[in-house]
Amino acid sequence: MTALNELTIAGALAGLDKGDFTSVELTEAHIRAMELTRPLNAFITETPEKALTQAAASDARRRAGRAGLLDGIPIAVKDLFCTEGVPTTAGSHILDGFKPPYESTVTANLWRAGAAMLGKTNLDEFAMGSSNLTSYHGPVENPWHRKGDNRKLVPGGSSGGSAAAVAARAAMGATGTDTGGSIRQPASFCGLVGLKPTYGRCSRWGIVAFASSLDQAGPMTRIVEDAALMLTAMAGHDPKDSTSADLPVPDYRAGLDAGVRGLKIGVPKEYRVPGLPAEIDRLWREGVAWLVEAGAEAREISLPHTKYALPTYYIIAPAEASSNLARYDGVRFGLRVPGQSLDELYERTRAAGFGAEVKRRILIGTYVLSAGYYDAYYKKAQSLRTLIARDFARAFEEVDVVLTPSTPSAAFAAGEASDDPVSMYLNDVFTVTVNLAGLPGLSVPAGLSADGLPLGLQLIGRAFDEATILRAGRAIERAAAFTARPDGMAWF
Ligand code: GLN
């Protein structure tokens, strides 16, 4: 039999149903894998006892014929989701010692569906980054390496710990959050499926806020079917989040294999950015060909404001972050560095508690919101955001799905992408547009680079039409037949 930690979620649910193994056995296999893969630094907090308690309760439910959608499945949770009584750090020093007295809605939904929590995964501080190099808890290592070269590579960010854990078979799936690409980019770097749902599809309640108008939770898994299963459990209306949509949650697994015959695929010409590596361009064309072969129609579309997306995002996201992060003042949560006065306590706490990238974003955010600059930067960015959303609205009058690369490169080594923050921001060139427009985006592993690293393709859909991008993603998955696995798995 396949090692239990090699199974997909869908495969494990079938095995649990047949009684081939118990959730306790499945969970124990993942706890072992989590211990063996500790050098990756994917987890900030491991919660094996909690996982085993949940698994035992799941086995009892299954015996009683009351198993839920994800019953008995051990998963990992990005350490940006508040989990009751379990440390929640957001990858920052400033939340040291913070144990939330409540559970985020998305994780509560997952536990209600029967999933078990293996632990909390590492991330860029406050989800700001594309490499996991900004975590106070140290960098995460990608389980993949270039062919014949064992230099450590980044797993992407900010949900890099979640991506590394799932790629290394230490968790069956994981939650991520995506403000500008933080689910899709690490999924692409680690050979995984990553889904950013429509804004409002999953509740943001209990997730540490980065940029509230852009943040969305979503699943990271090894196959499309598993992402569909996890999303079905995670999504839904929540009266505690006024931006969560009061819409029914479909069974995303149903219809997954219906194929793409007649589907109209848009290929945006503006995404053919200068300097796009030839192998990524080739894979993108191959992706179009796969869908056409399966019966879809492809056409070129134009999203003319694409070139403004990165500057727009890097004004709006820091502006919202500067406001959201004002609450970390040494009084209410986590770290406190005392001073002679209250102002000095604030200053010392924030100086010691935040890392360089977070401070950079707070400074940019307060600058673009300040009187005198507000109109020149923040207001202009808001106007551009509307134009970017309008580009997509027009495109979706003609096509059902938009296909693009997920990232402009494969995983890189620390230091290779240069220490210049602007070049790090370029990683998000294909993903931030989707957050700005509030649309769903799915990254699916589609091939390997010449160096043997995974590359993803992104499918963008109409608002609340996750079902169609999942169906198209399933078609790509089938055509790509991506079976490669990370080489750095000598531990199994
Ligand atoms: N890399 C982007 C940033 O640094 C996106 C982060 C995210 O999606 N959380 O802001």
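List every residue pair whose Cβ atoms lie under 7 Å apart, where the two residues are 6 or more positions apart in sequence or sit on different chains, the first residue falls within region 22-49 and is within 23 Å of Ala60 (Cβ to Cβ), and the second residue, located anywhere, is part of a loop (DSSP other than H, G, I, E, B) and at pLDDT below 95.
Filtered contacts from region 22-49: Ala29/Ala3.
I'd like to check something: does region 203-216 contain any residue that is among the aromatic types (Phe, Trp, Tyr) and either touching a His at 6+ places or on another chain (Cβ under 9 Å) or free of Cβ contacts under 8 Å to residues at least 40 places away in the same chain (or both)? Even if it seems obvious, please write down each step before you answer.
Filtering region 203-216 down to residues among the aromatic types (Phe, Trp, Tyr) leaves 205, 210.
Those left that are additionally either touching a His at 6+ places or on another chain (Cβ under 9 Å) or free of Cβ contacts under 8 Å to residues at least 40 places away in the same chain (or both): none.
The answer is no, given that none of the residues of region 203-216 is among the aromatic types (Phe, Trp, Tyr) and either touching a His at 6+ places or on another chain (Cβ under 9 Å) or free of Cβ contacts under 8 Å to residues at least 40 places away in the same chain (or both).
All but one of (1) within 23 Å of the chain's Cα centre (by Cα); (2) surrounded by 18 or more Cβ atoms within 10 Å (Cβ to Cβ) hold for Leu384, so report the exception by its number.
With respect to (1) within 23 Å of the chain's Cα centre (by Cα); (2) surrounded by 18 or more Cβ atoms within 10 Å (Cβ to Cβ), Leu384 is out only on (1).
Tell me, which residue of region 364-377 that is in contact (Cβ under 8 Å) with a residue 40 or more places away in the chain and more than 15 Å from the ligand (Cβ to nearest atom) is nearest to Ala321 (Cα to Cα)?
So the first thing to find is which residues in region 364-377 are in contact (Cβ under 8 Å) with a residue 40 or more places away in the chain, and the list is 364-366, 368-369, 377.
Checking the rest, the ones that are also more than 15 Å from the ligand (Cβ to nearest atom) come to 366, 369, 377.
Numbers: Thr366: 9, Leu369: 11, Tyr377: 15 Å.
The selected residue is Thr366.
All but one of (1) open to solvent by less than 40 Å² (accessible area, probe 1.4 Å); (2) over 30 Å from Gly138 (Cα atoms) hold for Pro48, so report the exception by its number.
The single condition Pro48 does not satisfy is (2).
Considering only region 123-133, I want to know if a residue exists there that is away from the ligand (no atom under 14 Å from the Cβ) and either in a strand (DSSP E or B) or modelled with pLDDT of 95 or more (or both).
Step one: filter region 123-133 for residues away from the ligand (no atom under 14 Å from the Cβ), giving none.
No, because not a single residue in region 123-133 is away from the ligand (no atom under 14 Å from the Cβ) and either in a strand (DSSP E or B) or modelled with pLDDT of 95 or more (or both).
Please work out which one of (1) in contact (Cβ under 8 Å) with a residue 60 or more places away in the chain; (2) surrounded by 22 or more Cβ atoms within 10 Å (Cβ to Cβ) is the condition His93 fails and give its number.
(2)
Do you know which of the residues in region 51-75 that are assigned to a helix (DSSP H, G or I) and farther than 21 Å from Asn5 by Cβ is most open to solvent (accessible area, probe 1.4 Å)? Don't jump to the end; show me each part of the working.
So in region 51-75, the residues assigned to a helix (DSSP H, G or I) come out as 51-63.
From what's left, farther than 21 Å from Asn5 by Cβ: 60-61, 63.
Working: Ala60: 45, Arg61: 63, Arg63: 187 Å².
So the residue we want is Arg63.
Kindly indicate whether any position in region 162-176 is farther than 28 Å from Phe354 by Cα and of a type in the set (D, E, K, R).
So far as region 162-176 goes, yes, one or more of its residues are farther than 28 Å from Phe354 by Cα and of a type in the set (D, E, K, R).
Conditions tested, residue by residue: (1) without any contact (Cβ under 8 Å) to a residue 24 or more places away in the chain; (2) surrounded by fewer than 22 Cβ atoms within 10 Å (Cβ to Cβ).
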site	(1), (2)
Thr232	no, yes
Leu247	no, yes
Asp251	yes, yes
Arg261	no, yes
Pro268	no, no
Glu279	no, yes
Ala298	no, yes
Ile316	no, no
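Which helices (runs of 4 or more DSSP H) does region 378-471 wholly contain that include 1 or more residues that are within 28 Å of Asp149 (Cα to Cα) and within 16 Å of the ligand (Cβ to nearest atom)? Outline the logic, then answer.
On the way: elements: 380-398, 421-425, 432-437.
Here the list reads 421-425.
Report whether or not Gly181 is surrounded by 24 or more Cβ atoms within 10 Å (Cβ to Cβ) and either more than 20 Å from Gly68 (Cβ to Cβ) or polar (S, T, N, Q) (or both). Give the steps one after another, and end with the answer.
Working: surrounded by 24 or more Cβ atoms within 10 Å (Cβ to Cβ): yes; either more than 20 Å from Gly68 (Cβ to Cβ) or polar (S, T, N, Q) (or both): yes.
Here the answer is yes, as Gly181 does meet what is asked.
Take region 340-358 and flag every residue that is outside any helix (DSSP H, G or I), within 26 Å of Ile315 (Cα to Cα) and away from the ligand (no atom under 16 Å from the Cβ).
Filtering region 340-358 down to residues outside any helix (DSSP H, G or I) leaves 340-341, 354-355.
Filter again for within 26 Å of Ile315 (Cα to Cα), leaving 354-355.
Selection gives nothing.
Go through (1) within 11 Å of the ligand (Cβ to nearest atom); (2) in contact (Cβ under 8 Å) with a residue 40 or more places away in the chain for His137 and report which single condition fails.
For His137, the exception is condition (1).
Select from region 210-219 the residues that are within 11 Å of the ligand (Cβ to nearest atom) and farther than 20 Å from Gly173 by Cα and list them in ascending order.
Those that are within 11 Å of the ligand (Cβ to nearest atom) and farther than 20 Å from Gly173 by Cα: Phe210, Ala211, Leu214.
If a residue must be at positive phi and open to solvent by 10 Å² or more (accessible area, probe 1.4 Å), how many such residues does region 126-176 contain?
Here the count works out to 4.
Taking region 179-207 only, how many residues are more than 11 Å from the ligand (Cβ to nearest atom), among the hydrophobic types (A, V, I, L, M, F, W, C) and outside any strand (DSSP E or B)?
6
Going by the conditions given, is Arg253 among the basic types (Lys, Arg), at pLDDT 95 or above and touching a helix residue (DSSP H, G or I) at 6+ places or on another chain (Cβ under 7 Å)?
Values: among the basic types (Lys, Arg): yes; at pLDDT 95 or above: yes; touching a helix residue (DSSP H, G or I) at 6+ places or on another chain (Cβ under 7 Å): yes.
Against the criterion (among the basic types (Lys, Arg), at pLDDT 95 or above and touching a helix residue (DSSP H, G or I) at 6+ places or on another chain (Cβ under 7 Å)), Arg253 qualifies.
The values are calculated or read from the model by the stated rules, or taken from the named source; none is laboratory data. Bear in mind that the values here come from a model prediction, so they are computed numbers and not experimental data. Cβ: placed from backbone, ideal geometry, glycine included. Neighbour counts: every protein chain shown. What goes into the accessible areas is simple: the full protein's heavy atoms, side chains included, and nothing from ligands, DNA or RNA. Shrake-Rupley method; radii C 1.70, N 1.55, O 1.52, S 1.80 Å.
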